[in-house]
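Structure record follows, encoded as structure tokens.
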């Protein structure tokens, strides 16, 4: 019984210190205006970096059959669980396991929302490109840590 409590305390401690830092690989889908099942994205790869006052997607690529998206570095300043862009505008929140941010897209009429929920050795990723009337793109995936 004593070993069970030590294991439980260790697991709770590890989940409390979860982060997004590291290399991640997985799969998902890319849907356009909610049509059909969407294009399969296999693989989806991302690298995140994280410090006490900054979190960033440093690189990534989503290979989604007919379209491939390359991710350039995008960083946010982290203060008291809130995320700020490079102009010091509050744009989201992050608590070590839940990440949520709004950012502009290349199209001035479209906004991008990124939501990441971390659990154990994976995270669920959702990226929604939307305007005032519809969700234009919805990219979803599950990515796993490579252990690096």
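The figures follow:
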read-out	value
Selection count, segment 70-86, where residues are part of a loop (DSSP other than H, G, I, E, B) and either modelled with pLDDT of 95 or more or farther than 15 Å from residue 114 by Cβ (or both)	4
Residues satisfying the stated conditions in segment 101-146, i.e. over 15 Å from the mean Cα position of the chain (by Cα), assigned to a strand (DSSP E or B) and without any contact (Cβ under 8 Å) to a residue 60 or more places away in the chain	104, 111, 130
Every residue from segment 36-58 that is at pLDDT below 95 and closer than 19 Å to residue 112 by Cβ	38, 39
Qualifying residue in segment 37-54 (condition: more than 14 Å from the chain's Cα centre (by Cα), over 23 Å from residue 145 (Cα atoms) and surrounded by fewer than 16 Cβ atoms within 10 Å (Cβ to Cβ))	yes
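The values are calculated or read from the model by the stated rules, or taken from the named source; none is laboratory data. All values reported here derive from a predicted model rather than from experimental measurement. Glycine gets a Cβ as well: all are built from the backbone with ideal geometry, and neighbour counts include every protein chain shown.
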